[in-house]
Amino acid sequence: MTDNFKFKKELTLKNPNDEAALFGVQDAFLDILEQGMATSIRHSGGKITVEGDDEKAVQNTIDILNGMLELIHSGITLNSSDFVSAMKMAEKGTLGFLPELYNQVLLKDNKGKPVRVKNFGQRQYVQSIKHNDVTFGIGPAGTGKTYLAVVMAVAALKKGDVDKIVLTRPAVEAGESLGFLPGDLKEKVDPYLRPLYDALNSTLGSDHSERLMDRGVIEIAPLAYMRGRTLDNSFVILDEAQNTTNAQMKMFLTRLGFGSKMIVNGDVSQIDLNGRVRSGLVTAPKILRDIDDISFVNFSADDVVRHPVVAKIINAYEKNDNGE
């Protein structure tokens, strides 16, 4: 960037001490905002200067900073994903709803930090989970599907709404041919279940998670182990559902018992099945769309809460796949 920008706006902080909370350690949040908005941001002594060649981008940057200050003053500690979400809301003209998203705390994680939704897609997902027996979360990686599903499961367990959490995903491929892999069952399936462990440990902490697994309160298993069971009073999550066949999807969904909830997550752009095999996640919306208490939430690149470049990568591949 050069110093010869067309547009410039300034913001003066009422409390100069807000600078550290607003821009993060070593200005990490500032860097994200500059890159995402294509603006230049300078700050010193409580005075912030935003410059750029696009007037709307400069104004949006100021609006984002004001929105973040409002969150700080309400006691919220910011992180990188907050800025990613705010930039997308600014682009859509919905930034004014930002404080509303932070009103509800879903849970406090193992470090005591409040877990909140980051965008409207996540809010719709959480509301769907609350109000439906079965929720499908369909969309790209980085949208928070797995993490939020586990958060909602742990919250339900803590409130006594369920007695057990069951986390599952297809191991290897649709056939789940684990016999071809070396080692005992745990060694075979753990690499494929790792994302579920990670989400669980982030929410509960590894020690607490281990204790609950030892007691059978939390179960993590490959999808094949769901066959023949009825899961009552349980919160059941199927991850990587794009790699299930129609038969496997039907088998899983019919495990639903009384007092239970099910979440089915997946990304239909990441199907690893043999080309001749239809994904159960692709056909499920067509088969189940008219059934009450089953909801489908579709995420897009706009809902990605990882580094801003991730959303751009997803969009670029989608355009390539669509022949654009």
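Derivation of every value follows stated rules applied to the coordinates shown; laboratory data play no part. Computed from a predicted model, the values in this text were never measured in an experiment. When we count neighbours, we look across all protein chains shown, and the Cβ atoms used for this are built from the backbone with ideal geometry, even at glycine.
So here's what we get for this one:
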item	result
Computed label-point distance, nm, for sites S206 and T254 using a 7 Å Cα→Cβ extension	4.0
Helix-derived mean residue ellipticity, 222 nm - over the chain, DSSP H n ≥ 4, -39500 (n - 2.57), to 500	-13000 deg cm²/dmol
Peptide ranges 309-315, 230-236, 115-121, 147-153 listed from the most packed, as the mean C-beta count within 10 angstrom indicates	147-153, 115-121, 230-236, 309-315
Peptides ranked, highest mean first, by Cβ atoms within 10 Å: ranges 287-298, 212-223	212-223, 287-298
Zone of K92's modelled label, taken as backbone nitrogen in segment 282-324 under 13 Å from a point 7 Å along Cα→Cβ	298-305
Relative contact order (%) - the chain, alpha-carbon pairs under 8 angstrom, separation at least six	19
Ranked packing of 162-168, 47-53, 8-14, most packed first, by mean Cβ within 10 Å	162-168, 47-53, 8-14
Cβ-derived FRET efficiency at R0 25 Å, K319 paired with I72, nearest 0.05	0.10
Residue-wise HN-Hα coupling along segment 207-213, computed from phi with Karplus coefficients 6.51, -1.76, 1.60 (Hz; x: Gly, Pro)	5, 5, 4, 4, 5, 5, 5
Per-residue ³J(HN,Hα) for segment 278-285, Karplus 6.51 cos²θ - 1.76 cosθ + 1.60, θ = phi - 60°, Hz, x for Gly and Pro	7, 6, x, 6, 6, 7, 4, x
For segment 98-107, 3J(HN,Hα) per residue [Karplus equation, 6.51 cos²θ - 1.76 cosθ + 1.60, θ = phi - 60°, Hz, x = Gly/Pro]	3, x, 4, 5, 9, 5, 9, 9, 6, 5
Span from the segment 1-42 Cα centroid across to the segment 238-310 one, whole angstrom	40
Sequence-distant residues sharing a close amide H with V166 (under 5 Å, placed H)	E219, F235, V236, I237
Three-way shape label, the chain, alpha-carbon gyration tensor, a/c 1.5	prolate
